[in-house]
Amino acid sequence: MSLWRIKDELGNPSRPQKTMFLVSAFFDPLTKRILQNLINGIADVTGNQFMLEFNVPPHLTFLQIQTRTGQEQLEQAVKNLEGKLKAVPLTFASCGDGIPNVVFAKVRMTDELKTQINLIYDEIIKIPDIKINPYYLPENIFPHVTLGKTLTREQQAAAMDYVNKNFSIFEGIISEAALTCGKPPYPLVHFSVR
């Protein structure tokens with residue numbers, strides 16, 4: 001996949017387009033099943049199929065990055081993390097709707113998780129021509145897994161009612177990491193963590 005658009009609709013040279021990438025964690029099979037069941041339940045009670053239509057798997061985003069020219073360097077930086085990232089235990093502590101149009105499962109921040117986030121950030125920040133979403137800077141990150149997105153107020157209320165009845169605190173483990181791009185998320189780099 002190239003980040004460069006050689007010509008626009010009129011055949012004129014144009015600047016390369018910024019593309020968004022995510023560095024995300026994925027979970028052990030049981031955690032994935034629990035989260036996917038919550039996503040499916042929210043889709044059922046709200047009628048909002050966004051997460052299912054776009055085939056968004058349960059994931060924890062560490063960084064959201066934009067770049068025009070740095071895709072190859074970004075892919076290499078994520079490859080460099082293989083063997084360094086650990087299978088961090090996670091506590092899914094609660095659900096919330098504090099982000100507009102979103103319902104999420106909150107992941108408790110631990111020292112182990114902070115270490116992983118800083119490790120990823122330190123590797124990625126070396127790349128020129130990238131822009132990291134400020135909400136995903138290590139000092140600002142709010143670790144969560146999106147369960148429903150693009151919800152209206154009514155859908156958000158129904159989704160919260162659903163998770164309040166169906167969610168209880170549980171433990172999970174990060175088992176994979178990936179650099180993804182697009183909707184549905186397309187993995188450019190993907191590896192298991194131990």
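Brief remarks follow.
- The requirement of being open to solvent by 50 Å² or more (accessible area, probe 1.4 Å), out of contact with any Asp or Glu (no Cβ under 7 Å at 6 or more places or on another chain) and either modelled with pLDDT under 95 or under 19 Å from residue 138 (Cβ atoms) (or both) is fulfilled nowhere in segment 37-45; no residue meets it.
- Among the residues making up segment 168-180, those that are open to solvent by 40 Å² or more (accessible area, probe 1.4 Å) and not aliphatic (A, V, I, L, M) are 168, 171, 176.
- Scan of segment 46-60 for residues that are over 23 Å from residue 174 (Cβ atoms), open to solvent by 30 Å² or more (accessible area, probe 1.4 Å) and assigned to a loop (DSSP other than H, G, I, E, B), ordered by number: 47, 49
- Just one of the listed residues (162, 135) is within 18 Å of the chain's Cα centre (by Cα) and of a type outside the set (S, T, N, Q), namely 135.
- Only one of the listed residues (137, 119) is closer than 24 Å to residue 31 by Cβ, open to solvent by 20 Å² or more (accessible area, probe 1.4 Å) and without any contact (Cβ under 8 Å) to a residue 60 or more places away in the chain. That residue is 119.
The values are calculated or read from the model by the stated rules, or taken from the named source; none is laboratory data. In this text the structure is predicted, and so the values were computed from the model without any measurement. Every residue, glycine among them, receives a Cβ derived from its backbone with ideal geometry; neighbour counts consider all protein chains shown. The area values use the complete protein model at the heavy-atom level, side chains included, leaving out ligands, DNA and RNA. Shrake-Rupley method; radii C 1.70, N 1.55, O 1.52, S 1.80 Å.
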